[in-house]
1. Only helical DSSP H runs with n ≥ 4 go in: add -39500 (n - 2.57) per run for the chain, normalise by residue count and round the 222 nm mean residue ellipticity to 500 deg cm²/dmol.
2. Roughly how tilted is helix 284-293, in degrees to the nearest 10 and between 0 and 90, from the longest Cα axis of the chain?
3. Restricting to the chain, compute how many DSSP beta bridges are antiparallel as a %, nearest 5.
4. Apply the Debye scattering formula to region 12-89, with a single equal point scatterer on each alpha-carbon and no solvent, then give log10 I(q)/I(0) at q = 0.24 Å⁻¹.
5. Taking the chain as the region of interest, what is the percent of Cα-Cα pairs per 10 angstrom bin, listed from the shortest bin to the one with the maximum distance?
6. What is the helix-to-structure angle for 184-204, meaning the angle in degrees between its Cα long axis and the longest Cα principal axis of the chain, kept from 0 to 90 and rounded to the nearest 10?
7. Taking H placed 1.01 Å from N in the peptide plane, check which residues at least 5 places from residue 249 or on another chain put their amide H under 5 Å from its amide H.
8. How large are Rg and Dmax for region 4-204 when calculated on the C-alpha trace, in angstrom?
Amino acid sequence: MDKMFVISMTDWQAVLGQFSASYSLFAPVEFNGSQDYELVDKENTGNIIYNHPKPATPVKTFFLPVKENVTVESGIEKPAIIMGVPSCDLAALDILDEMYLQRDYTDIYYKNRRENFILIGYDCRSIVENCHCTSYGLKPYPEKNCDLMLARDRHLVFLQSLSARGAELLKEMGKYADIIKASKDEASEINEKRSEITRLLKDKNKNLPGYELSGKLIKDSPDKIWKSYASTCVSCGACAAICPTCTCFLLIDRPDFEKIRQLDTCQYPGFEKVAAGEDPLGELFVRFRNRYQCKYVWKPLKFKSIACTGCGRCIDTCIGKISKNELLEELASEKNS
Ligand code: SF4
Ligand code: SF4
Ligand code: SF4
C-alpha cells in the first residue's frame, strides 16, 4: 500500500478551489438533516462534509442514471471527481463492473462514466443506524475501486493513493499545496480510528448472519415469515431503487426509434407480468421475498461479487418500517431454536 500523505485544511481548500475549475467536482454536503452529493464550486467547498457514512444516494447513480437515452452517442464528459464515497458503495462497484464490463456485452455508457470519474473514498469515522458492511467481510474504509482515500482529522487532511490515477492526482495537488508524508504517529492514529469503527460495527451487528449463511436461511425459509414482514410493504420500490447493487431497468420505446433506459425494480407490481397475463411475482409477499432471494441466493450462483454490501439504505428508506436485518436475524434465531 502507498504511503499516507498529509495536507493542511487551508491548503486543501486551495486544492479544491483549483479542482472545482478543472473538473466537475462532486462531494457530500448537507441537505435537510441528511447528506448527499452536490456539484461544488470554489464558493461552497466549505460546505463539504467529511468522513460521515453514506450519502443518501449511492455512487452507482453517477454511472447508471435513473433515466437515460441509450440511442444517442455516448459523449465524453468533462473529467469528474467524486469525493466522499464510502467503502460499501465502492465495494458495490464490483458486481456492477462484472455485469456491465466483464460479460459478453460491454455497456459503453457505464464504461465511459467509470473511466471518466476519479473516485475519492472516505474513511467512515462514525457509524449510522443501519450500517453493516463488516458483516459481509468489508472494512469501513476504502480498500479498492477508488483512486484516493481521504480522512480528515481536525485541521489536517490525510490522503493515500490506491491507484496510478490517484498517484497522478496527488502529484497534481502538489502544484497548489504543501503535501508531506504523514508521521508514524499520525498514520497509527488513522489506523486506531479504523479499528475502533470496525469494532463498533461488528459489535452492533453481532446477531446478523453473514452473507452466505443468509442465503441458506432465505432458501430454507417458510412463507409465513415473508407474509408477516411484507404486511406493511407498499411496493414503493424505494428499497431497490436506492440499493447500490440493484441494476434492473426497463427499455422504453419512443418515437423515431429512441430507447430510454429507466430504472425498474422487482418490488413494483407487474415487474414480471407477461403478455398472457401470467405474473410469477404477482403476490406481494413473493415479490417482497424476491429482493432477498436475488441478493443472497441467485446472484451468488452467477457472480463472484457480493450483491449486498451492508449499506443499510434499504432499511433507512422503507416507509413500511421493514428491517432487512431484523428479518435475517429472526431467520437465524429460528434456525438455532
Ligand atoms: S421500501 Fe419498504 S415498502 Fe417500499 S417496496 Fe421496499 S420493502 Fe416495500
Ligand atoms: S440490500 Fe440494502 S443493505 Fe444491501 S446493499 Fe442494497 S440497500 Fe444496501
Ligand atoms: S431483481 Fe430486484 S433485488 Fe434484484 S437487482 Fe432487480 S430490483 Fe434489485
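Rule-based calculations on the coordinates, nothing more; no lab input. Predicted model, so just to flag it, every value in this text is computed and none were measured. Please note: Cβ atoms are built from the backbone with ideal geometry, for glycine as well, and neighbour counts cover all protein chains shown.
1. Working: 13 runs with 125 residues, N = 337.
Taken over the chain, the calculation gives -10500 deg cm²/dmol.
2. 50
3. Numbers: 29 of 40 bridges.
Roughly 70 percent of the beta bridges in the chain run antiparallel, per DSSP.
4. The computed values of log10 I(q)/I(0) come out as -1.18.
5. 5, 24, 32, 24, 12, 4, 0
6. Rounded to the nearest ten degrees, it is 20.
7. 264
8. 16.9, 54
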